[in-house]
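Below is one structure, written out as structure tokens; comments come after it.
The values are calculated or read from the model by the stated rules, or taken from the named source; none is laboratory data. Keep in mind that this is a model prediction, so the values were computed, not measured. FYI the Cβ positions are ideal-geometry reconstructions off the backbone, even for glycines, and counts take in every protein chain you see. Only protein heavy atoms, including side chains, enter the accessible area calculation; ligands, DNA and RNA are left aside. Shrake-Rupley method; radii C 1.70, N 1.55, O 1.52, S 1.80 Å.
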Amino acid sequence: DAMVIQNPRYQVTQFGKPVTLSCSQTLNHNVMYWYQQKSSQAPKLLFHYYDKDFNNEADTPDNFQSRRPNTSFCFLDIRSPGLGDAAMYLCATSRDEGTGLEKLFFGSGTQLSVL
Amino acid sequence: QQQVKQSPQSLIVQKGGISIINCAYENTAFDYFPWYQQFPGKGPALLIAIRPDVSEKKEGRFTISFNKSAKQFSLHIMDSQPGDSATYFCAASLSGSARQLTFGSGTQLTVLP
């Protein structure tokens, strides 16, 4: 089945130790997103790629970076994780076809713990 | 003006009952209103969506009611089942674009057996 796959499912890192989360998709969607979701909160958009174009949200900390080496893969790099960065990180995709009915397809997320 | 306000924060319903979740928005430029359902440990998934040119959309037991003049929309779950227990997020979008989607704060629904 076509899907959005996130690895690992759980990630534990130490305070200040760089960590990378990965996402892959088999949907061939042109837009990929990274969301941060804390407990009992809505997903918060960090940034997205429209094809190769990177779009950062204004309030996303510089500590968060992303790479999209090709259509299928996207990475979230947290350069110096703080305790406040512990959260579920969700990757999502969508296809921009200009129909105005765009649907987000989410992966199952990576739960990040910072010790 | 980009906010979408969602209520209640949590909802407990008996099996077979009707679950109702409400959302309100300010930005009249929003033109696409999806609802996402999220089970614990999973990413959200699109449940149902509506455009403002219709007042109601029904898919199975799930119905969106839309009141354009009041800038409100709601999700009704008929004959609620324990399997419906999840967190529900309303959202609103500009130009129907997923890149311009604003989520509500979420409602945790529990359906008791």
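Here are a few things to note about the model shown:
- From the Kirkwood radius over Cα pairs of the stretch A:64-115, Stokes-Einstein at 20 °C and 1.002 mPa s returns a whole-number translational diffusion coefficient of 164 µm²/s.
- Take the accessible area of A alone and of B alone, subtract that of the pair with a 1.4 Å probe, and the total buried over both chains is about 1700 Å².
- Relative to the 2.2 N^0.38 Å rule of thumb, the stretch B:11-72 has a C-alpha radius of gyration ratio of 1.24.
- P(r) tail fraction, chain A - alpha-carbon pairs more than 18 Å apart, %: 47
- The chymotrypsin sites (Phe, Trp or Tyr not before Pro) of the stretch A:17-115 include none that meets both criteria, a DSSP state outside H, G, I, E and B (loop) and at most 13 other C-beta atoms within 10 angstrom of the site's C-beta.
- Low-density loop cleavage sites - trypsin sites (Lys or Arg not before Pro) in the stretch A:5-65, where at most 15 other Cβ are within 10 Å (DSSP): A:ARG9, A:LYS38, A:LYS52
- Distance histogram for chain B (every C-alpha pair counted, 10 angstrom bins, percent rounded to whole numbers): 15, 50, 29, 6, 0
- Per-pair calculated FRET efficiency, R0 = 41 Å: A:THR26 and B:LYS68 via Cβ, rounded to 0.05: 0.60
- FRET efficiency for B:LYS5 and A:GLN14, using Cβ-Cβ distance with R0 set to 30 Å, rounded to 0.05: 0.20
- Inter-label distance, nm, simple model (7 Å from Cα along the C-beta direction), A:ASN55/B:HIS76: 3.5
- Pairs of Lys residues in chain B are counted when their Cα atoms are under 29 angstrom apart and they lie 8 or more places apart or on different chains; the count is 15.
- The mean count of C-beta atoms from other chains within 10 Å of the C-beta of residues in A:30-40, rounded to a whole number, is 2.
- Efficiency of FRET between B:ASP31 and A:ALA86 - r from beta-carbon atoms, R0 35 angstrom, step 0.05: 0.45
- All Cα-Cα distances of the protein assembly as shown, cut into 5 Å bins from zero to the largest, leave 1, 7, 14, 18, 18, 16, 13, 8, 4, 1, 0 percent in each bin in turn.
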